[in-house]
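The structure appears below as structure tokens.
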Amino acid sequence: MQIEDADYIVIGGGASGAVVANRLSEDGAHRVVLLEAGDPADGFMNKMPSGGLTRMNKPDADWMYKTEPDPSLGGREMVWNAGKMLGGSSGINGMVYIRGDRRDYDQWANELGCAGWTWNEVFPYFLRSENWQGAPSQSHGTHGPLAVSEPRMSHPLAETFIDACEQFGLRRVPDYCAGDVDGAFKNYTTQLNGQRWSTARAFLDEAGKRANLRIVTGALVDKVVVKNGRATAVVAIVNGEQVTVCARREIIVSGGALHSPAILLRSGIGPAAELGKHGIAVVRDLPEVGQNLQEHVSFPSTFEVDVPTWNNLFGKVSLAREFLKYVFARKGLMTMIPVEAMAYLRTNPDLAFPDVKLSLGLMMFDLAKGGPANIPGMAIFQNVAKPKSRGEIRLHSANPADKPLIAPQLVGHPDDLASMVAGAKMVREIFAQPALAKHVKRQVSPDPMPQTDAEWEQAIKSRSSIGFHPVATCRMGGDEASVVDPRLRVRGIEGLRVIDASIMPVMPAANTNAPSIMVGEKGAAMILEDARVPA
């Protein structure tokens, strides 16, 4: 297979890479090649909101990474899901649109040396992406390709949950997209007219028609070729054939927090000792490549309620009716989002920022059944908002077909475990507030109900999973030890940048789809700015 040389090569067509490929090819002046390991995302199931969720744990659409045993969770192994298609995880995620708090980005800039990344400096890039479907607002953009809207299907108990949070003492946040998540609110979603609006739909459907953008799917990238300190080409496997594509200007790695460090490592960029284990020649000794892995540990609490929830729509007749409702009106169950409301709380009143993040779903799963429960219920998924625990990404081998080695520590830091224990108790208090108490028949899980802190710790370690938000494995910073500088250039290598969630120095207190899209927007803008500056 022959792929023509390009000005820019983008590796990965996910939340960030799709944005970068779009923006770099926008003016027609540059030839751009986008290499994506997965398939296109143009089928009916990709467009139906709930259809994307059903593709999780399907090997043609989900990387389904298997982790190493996590010592912080009693040695449990887990599957870490990630979208394997154009649009990446935005094709299978819960479609929640949340940017985080202004203090997240001010911390990046003011405490971690990431000049240019304050809230005021990143806010325009959130607006640039957005095509807001609601009432006019200074917090939302209306000219971007990414559709953001209120959910078409919303359960009344989502509003009841916010009432209970207010009774508990939390603020009702009027518009969490303004950089304030300190309280409770209902979520917005990346949908347009009842269809999932992944980054493939938003940034590649139309852009893919440009003569100067070539999108190659089924392209598993092996490595970046570096000559005389400059990235010059990408080696990939396409349809079983090794292909080399040369870049005249820059190569952008946008494989996500799990794949981007692996690509750098196979390219000889990373800890020398790790490279030596796999016989990879050291191009640049960067010890932090693959380090600093952060993820939202997720602990569920479920409650049976006295009013119908989405569980009541999963009978055969109901599902058929809801499917037809979607086909003919783009409404109903098939447009639901799994998290309808969120809340942030402090487990210690002296904390400057909330340490626990809550996500409310109006459906309860039966683990023994392996599907929705037969009774009406709701679930709260609890995370540490900004985890202190750190894992790492390494290689199983130098073979690109071998998935990265993921060594997590989801609650490896004692402060994270303490926050989870205190947060789980506070969840029970929120559901005991008058607004919710009149509907709650019983708490279903955890079961048995912990009675001591030690029992809560054990429940959290045995029942927690991931939040689907890995970040920070190619950390950005102002210090020389960081993997990329604040303009996302890999330190010591010319013509090579990383632009995706892996560059986030610390986890924003948010789901990571919208922040990753912002990183793509800002990263692409910096590339184009630098291209205009004479060398």
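For the stretch 348-366, a residue qualifies if it is touching a residue at least 60 places away in the same chain (Cβ under 8 Å) and surrounded by fewer than 19 Cβ atoms within 10 Å (Cβ to Cβ), and the qualifying residues are Asn348, Phe353, Phe365. Among residues of the stretch 193-207 being in contact with a Ser or Thr (Cβ under 8 Å, 6 or more places away or on another chain) and over 15 Å from Val96 (Cβ atoms), the one that is surrounded by the fewest Cβ atoms within 10 Å (Cβ to Cβ) is Gly194.
One line per residue, one yes/no per condition, for (1) buried (at least 19 other Cβ atoms within 10 Å of the Cβ); (2) among the polar types (S, T, N, Q); (3) not in a loop (DSSP other than H, G, I, E, B):
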site	(1), (2), (3)
Glu111	no, no, yes
Ala115	no, no, no
Glu121	no, no, yes
Pro124	no, no, yes
Arg128	yes, no, yes
Gln138	no, yes, no
Thr142	no, yes, no
Leu157	yes, no, yes
Ile162	yes, no, yes
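Is it the case, given these coordinates, that Arg475 is within 30 Å of Leu286 (Cβ to Cβ), touching a strand residue (DSSP E or B) at 6+ places or on another chain (Cβ under 9 Å) and surrounded by fewer than 22 Cβ atoms within 10 Å (Cβ to Cβ)? When the stated conditions are applied, Arg475 does not pass them. The set of residues in the stretch 292-310 that are hydrophobic (A, V, I, L, M, F, W, C) and under 12 Å from Met363 (Cβ atoms) comprises Phe303, Val305, Trp310.
Among the residues of the stretch 442-465, is any within 20 Å of the chain's Cα centre (by Cα) and surrounded by fewer than 20 Cβ atoms within 10 Å (Cβ to Cβ)?
yes
Considering the stretch 390-418, and only residues there that are more than 22 Å from the chain's Cα centre (by Cα) and among the small types (Gly, Ala, Ser), the residue that is nearest to Ser465 (Cα to Cα) turns out to be Ala418. Among the residues making up the stretch 72-127, those that are more than 16 Å from the chain's Cα centre (by Cα) and among the small types (Gly, Ala, Ser) are Ser72, Gly74, Gly75, Ala109, Gly113, Ala115, Gly116.
With respect to Tyr326, determine if the residue is touching a residue at least 60 places away in the same chain (Cβ under 8 Å), closer than 20 Å to Asn513 by Cα and outside any loop (DSSP other than H, G, I, E, B). No. The one condition from (1) of a type outside the set (Gly, Ala, Ser); (2) in a loop (DSSP other than H, G, I, E, B); (3) farther than 26 Å from Pro151 by Cα; (4) free of Cβ contacts under 8 Å to residues at least 60 places away in the same chain that Glu26 does not meet is (4). So if I check each of Glu304, Glu295, which one is among the acidic types (Asp, Glu) and within 25 Å of Gly412 (Cβ to Cβ)? Exactly one residue qualifies, and that residue is Glu295. The single condition among (1) in contact with a Lys or Arg (Cβ under 9 Å, 6 or more places away or on another chain); (2) touching a residue at least 12 places away in the same chain (Cβ under 8 Å); (3) not small (Gly, Ala, Ser) that Arg475 does not satisfy is (1).
Would you call Ser502 hydroxyl-bearing (Ser, Thr, Tyr) and closer than 19 Å to Val339 by Cβ? No.
Readers should treat all values here as calculations from the given coordinates under stated rules, not as data from a laboratory. Treat the numbers as computed from the prediction; the structure is a model and nothing was measured. Ideal geometry is used to build each Cβ from the backbone, glycine not excepted, and the neighbour counts take in all protein chains shown.
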